[in-house]
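J.: Got a structure here, written out as structure tokens. Questions coming.
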Amino acid sequence: MSQSKTCLAVLDSVADQGEQLTDLLRPLVDSATLITDVQALFALAAEQQLDCLLINARDDQELLTAAFRQRALSTIDCPIVVMVDEGEVELAVAAVRFGAVDVIQAPVKPEQFVERMAEFAALPRQSDFTCEAEQSRQLVMLSERVAQTDVTVLINGESGTGKEVLARHIHDNSPRADKPFIALNCASIPESMLEDMLFGHEKGAFTGADKRYEGLFEQAHRGTLFLDEIGEMPIVLQAKILRVLQERELRRLGGSELVKLDVRVIAATNRDLAVQVREREFREDLFYRLNVFPLKISPLRERIEDILPIAAVLMKKHRKTIGNRCRLSKATQQFFKAYPWPGNVRELENVVQRAMVLAFDGVIEVEHLLLENDLSNQAQAMPQNSFAPETVQPQQSAAESFVPQRTTIHQPYSDTPVKATEAEEVVSLSDMAWESESRMILNTLSRFSGNRKSTAENLGISPRTLRYKLAKLKDEGVAIP
């Protein structure tokens, strides 16, 4: 379910400076809000779905760490752009490591700043669970039926199948849709922090607790709390979760007051909790409390009809950031349906993004697919004709002439070993794709006499992507026109 209204937030502890940035960005979106501290950001994210967040860390580096600590709770799932001072390399690296999609070095001209932010300010959002396969349709029907109640739901499925997407779909179709949806991955948070995050604490509860903190259960009041990877939760905490579900109340750490709750809980796991119960790794009483309405998401390899529609959604999602409008060739479509996708939708998204970067002519071919595992090993297990290339027309465009011959690209798929002479090496698929891409970039750059803007437009990529690739070529010792 995509939102029609785009919302952007600017986090800047210096109000005047932040207001200037916010004013520049207002024409890009329907709503732009300035916030000066992380708690205000947290409250804003609980009230509305953000489409983009700009963090100005120039004068307050601690703001960056605090903001990303909040994002670790999965309450802020929009693209985040960070602004740092020129030369602050360590801070820029930290921002990328935290998960920023872009880092802007200041000072920067207003028009350049707006152009960079325009790439992220109105990204398309997709929260509906894509369903074409019959079992997926039935799953969505069940989820929408249970959404009308407050029954606790337990979603089971392999990693990357879209458990959180389904949980959001349940929330969006429930009477709680206009209230907060807060997600927590129980496996990603240290055990020492998990209890505090869930239940909160009172001022003075422990060293460093200088003010009251409302935990995620309270923050999700009248909304939905999604507990992902619930099977990873320490068994000590399981008893406390059980009590909250039974009594609908909690006591903050260091406090005596009982806090009444109105929250819908959806849990998810990629484990078999029944087996964990038998092995005494998961509480039986909590299992039955969570498993009131079980939903199971099939892996992608068992719902082949969903693969291409999901790929189409992903290409639309990443079109703006990558700057390339793409479609899948028939051979790639066949390959997508034949490949087992052990990483499910998460792996599919990674592969689609890589292919969109490589597919300059807008058509994603098999040679553009860089998979998580070794492609040749995966492909050899498939029928040889399952991803045969499309027929190449006798006349090729100038751009196509730089793509290696498909007979060479598809050599690793053959059962016959490839023999390499002393003057000829067998290179990996990624090396061949990069070689082809490099030749195309350099040839196009030469045709436009080194004009970067014209080259990027001709290749169908953003100027920023072109700058990155030229820098990579320069690092490899290639002379750039």
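J.: Can you tell me how many residues in region 468-478 are more than 12 Å from G323 (Cβ to Cβ), in a helix (DSSP H, G or I) and either open to solvent by 70 Å² or more (accessible area, probe 1.4 Å) or among the hydroxyl-bearing types (S, T, Y) (or both)?
T.: Residues that pass the stated criteria total 3.
J.: Looking at V114, V108, V93, V82, can you tell me which residue is open to solvent by 70 Å² or more (accessible area, probe 1.4 Å) and either in a loop (DSSP other than H, G, I, E, B) or hydrophobic (A, V, I, L, M, F, W, C) (or both)?
T.: Answer to the selection: V93.
J.: Take region 22-57 and flag every residue that is assigned to a helix (DSSP H, G or I) and touching a Phe, Trp or Tyr at 6+ places or on another chain (Cβ under 8 Å).
T.: Across region 22-57, the qualifying residue is only L24.
J.: Still on this structure, I have one more. Scan region 175-188 for residues that are open to solvent by 20 Å² or more (accessible area, probe 1.4 Å), hydrophobic (A, V, I, L, M, F, W, C) and in contact (Cβ under 8 Å) with a residue 24 or more places away in the chain and jot them down.
T.: The answer is F181, A187.
J.: Which of the residues that make up region 246-266 are of a type in the set (K, R) and open to solvent by less than 60 Å² (accessible area, probe 1.4 Å)? If you could, list the steps in order and put the result at the bottom.
T.: So in region 246-266, the residues of a type in the set (K, R) come out as 248, 251-252, 260, 264.
Those that are of a type in the set (K, R) and open to solvent by less than 60 Å² (accessible area, probe 1.4 Å): R252, R264.
J.: Also, quick follow-up: Determine if region 212-228 includes at least one residue that is part of a helix (DSSP H, G or I) and open to solvent by less than 10 Å² (accessible area, probe 1.4 Å).
T.: Scanning region 212-228 turns up at least one residue that is part of a helix (DSSP H, G or I) and open to solvent by less than 10 Å² (accessible area, probe 1.4 Å).
J.: So V236 fits all but one of (1) open to solvent by 10 Å² or more (accessible area, probe 1.4 Å); (2) in contact with a helix residue (DSSP H, G or I) (Cβ under 7 Å, 6 or more places away or on another chain); what number is the exception?
T.: (2)
J.: Just to be sure I understand the filter: pairs with C-beta atoms under 7 Å, separated by 6 or more residues or on different chains, first member in region 296-313 and within 22 Å of E229 (Cα to Cα), second member of a type outside the set (A, V, I, L, M, F, W, C) and open to solvent by 30 Å² or more (accessible area, probe 1.4 Å). Which pairs pass?
T.: Between residues of region 296-313 that are within 22 Å of E229 (Cα to Cα) and residues that are of a type outside the set (A, V, I, L, M, F, W, C) and open to solvent by 30 Å² or more (accessible area, probe 1.4 Å), the close pairs are K296/N156; S298/Q135; P299/E158; R301/P340.
Residues checked against (1) surrounded by fewer than 16 Cβ atoms within 10 Å (Cβ to Cβ); (2) at pLDDT below 90; (3) out of contact with any Lys or Arg (no Cβ under 8 Å at 6 or more places or on another chain):
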{"position": "R289", "(1), (2), (3)": "no, no, yes"}
{"position": "E302", "(1), (2), (3)": "yes, no, yes"}
{"position": "E305", "(1), (2), (3)": "yes, no, yes"}
{"position": "Q334", "(1), (2), (3)": "no, no, yes"}
{"position": "P340", "(1), (2), (3)": "yes, no, no"}
{"position": "V345", "(1), (2), (3)": "no, no, yes"}
{"position": "V352", "(1), (2), (3)": "no, no, yes"}
{"position": "A359", "(1), (2), (3)": "no, yes, yes"}
{"position": "L370", "(1), (2), (3)": "no, yes, no"}
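J.: Of all the residues that make up region 420-460, how many are outside any helix (DSSP H, G or I) and modelled with pLDDT of 75 or more?
T.: So the answer is 4.
J.: For E214, only one of the following conditions fails: (1) modelled with pLDDT under 90; (2) more than 19 Å from C186 (Cα to Cα). What is its number?
T.: Condition not satisfied by E214: (2).
J.: I've got another one for you. Could you please find all residues in region 266-275 being touching a strand residue (DSSP E or B) at 6+ places or on another chain (Cβ under 9 Å) and not acidic (D, E)?
T.: Start the filter on region 266-275 by keeping residues that are touching a strand residue (DSSP E or B) at 6+ places or on another chain (Cβ under 9 Å), which leaves 266-273.
Those that are touching a strand residue (DSSP E or B) at 6+ places or on another chain (Cβ under 9 Å) and not acidic (D, E): I266, A267, A268, T269, N270, R271, L273.
J.: Separate question: Scan region 20-43 and report the pairs whose first residue is in contact (Cβ under 8 Å) with a residue 60 or more places away in the chain and whose second residue is in a helix (DSSP H, G or I) and open to solvent by 60 Å² or more (accessible area, probe 1.4 Å), with Cβ atoms within less than 7 Å and a gap of 6+ or a chain change.
T.: L24/P110
Residue-wise test of (1) surrounded by fewer than 21 Cβ atoms within 10 Å (Cβ to Cβ); (2) part of a loop (DSSP other than H, G, I, E, B); (3) not small (G, A, S).
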site: E132; (1), (2), (3): yes, yes, yes
site: R137; (1), (2), (3): yes, no, yes
site: R145; (1), (2), (3): yes, no, yes
site: D150; (1), (2), (3): yes, yes, yes
site: I155; (1), (2), (3): no, no, yes
site: E158; (1), (2), (3): yes, yes, yes
site: T161; (1), (2), (3): no, yes, yes
site: L166; (1), (2), (3): no, no, yes
site: H169; (1), (2), (3): no, no, yes
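The values are calculated or read from the model by the stated rules, or taken from the named source; none is laboratory data. Just so it is clear, the structure is predicted and the values come from calculations on it, not from any experiment. Backbone-built Cβ (ideal geometry, glycine too); neighbour counts: all protein chains shown. Ligands, DNA and RNA are stripped out before the accessible areas are found, and what is left, the full protein with its side chains, is counted by its heavy atoms. Shrake-Rupley method; radii C 1.70, N 1.55, O 1.52, S 1.80 Å.
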